[in-house]
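One structure is given below, encoded as structure tokens.
The values are calculated or read from the model by the stated rules, or taken from the named source; none is laboratory data. Predicted, not measured: the structure shown is a model, and the values here were computed from it. Note: ideal-geometry Cβ built from the backbone for every residue, glycine included; neighbour counts use all protein chains shown. Surface areas here come from the heavy atoms of the whole protein model, side chains and all, with no ligands, DNA or RNA. Shrake-Rupley method; radii C 1.70, N 1.55, O 1.52, S 1.80 Å.
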Amino acid sequence: MQRTKSSLLQIQPPTYGNLVTILSIDGGGIRGIIPATILEFLESQLQELDGEEARLADYFDVIAGTSTGGLVTAMLGAPNEKKRPLFSAKDIKPFYLEHCPKIFPQKLGIFDGYPRSVLKALSGPKYNGKYLHSLVKEKLGDTKLNQTLTNVVIPTFDIKNLQPTIFSSFQVKHNPSLNALLSDICIATSAAPTYLAAHYFQTKDAEGKAMREFNLIDGGVAANNPALVAVGEVTREIIENSPDFVAIRPLEYDRFLVISLGTGCHKARKYSADEAAKWGVLGWLTGNGSTPLVDVFNQAGADMVSLYLSVVLKALSSQKTYLRIQDDTLLGQISPVDVATLKNLNDLVEVGEQSLKRPVSRVNLDTGNYQPYGRETNAEALKRFAELLSQEKRLRESNSKIPSGNIIADKA
């Protein structure tokens, strides 16, 4: 049964419910269209339950994203003039189809392809980023981190301080110097080494005085899969006795609902020691026509996060509230993060659609492959998660109307 529009308000704090709900989206350039396709399906299931005005930001306490996932996070969490999400999930796929070919223009000529990659690796970033910068600034305008409709967590890496910088709705409450424009955050977290230039900007106070400067590159350097970062941000809030989490104890991870979406990885693009032993700097940047160094640190970090979360949540008997969707069968031209031809983009949409039909899987670190886990397909799991999210939202709305001292949130 559908609910009325009046109940579709900004999500109530977790203290009124049973669960902490987290959505995480990996980095991966144009391959962000894969999780975009999956998110469209999830949002459609929520709309079947709660009406067509339902949006993902109405259900998740935290949306986390790195690189292209950071852009999707901002699109889902930024408000429009009506204080509703700027984009619905179904808007993201057309956005990628329209704009990716202009962000990553595919030039043809004698110095393109592998020779061109070598030349660009020597002379600077592969793409100038001008279209991406203007597009992001146009769409997100003057919206700042503290204005999102739900909490967002977007990792970046500061190359001047050589440490991660996490733009978090939770931290900005205590550290105003992090209150940057969402457009600057998105440009920074997308600045993948060798592809796009590092991004410099400052945050300023109400009087226009500079508070802090940032020299940032792609968040994938620190956390290409930001799910664990999001869990850490929530844990910090619980430990510090945030009023939004008073009903949840530290390390009570069996009350976490986590959906983590990958952007796919190459089935065949693996490198032998004999092959890599011959590489110098250019080999690690352009070996086998790809970017091995970027492939390695992105995939290693993403899989380690997935392994850790699946083991921890399984130990707490809560594996049914953790879902990782990752396709490891990408082949040919659809595997690079920047080959933005219309054919490749449509093929990636197909990858996302096929991912829904595959069984829920977990990564096997002995083989590097994803293996089926249980009998559910990803689509069936997402339908179940939609039910859990809808029930959780209803519970919070009900409990938020009674005196706080009488709130009883039974453990799910």
**Complete:** Distance in nm between Asn175 and Asn364 label points, each 7 Å along Cα→Cβ, equals 4.1 nm
**Item:** Three-way shape call for the stretch 157-258 based on the alpha-carbon gyration tensor, with the a/c threshold at 1.5
**Value:** oblate
**Request:** Work out how much length Glu240 to Gln333 would gain on full extension: take 0.36 nm times their residue separation and subtract the Cα-Cα distance, in nm to one decimal.
**Result:** 28.8 nm
**Prompt:** Measuring from label point to label point, each 7 Å out along Cα→Cβ, what is the Lys343 to Ser123 span in nm?
**Reply:** 2.7 nm
**Asked** Ordering His99, His133 by how much accessible area each has at a 1.4 Å probe, largest first, what is the list?
**Response** His133, His99
**Asked** Gain in length, Glu48 to Ala206, computed as 0.36 nm per residue apart minus the alpha-carbon separation, to one decimal in nm?
**Response** 52.6 nm
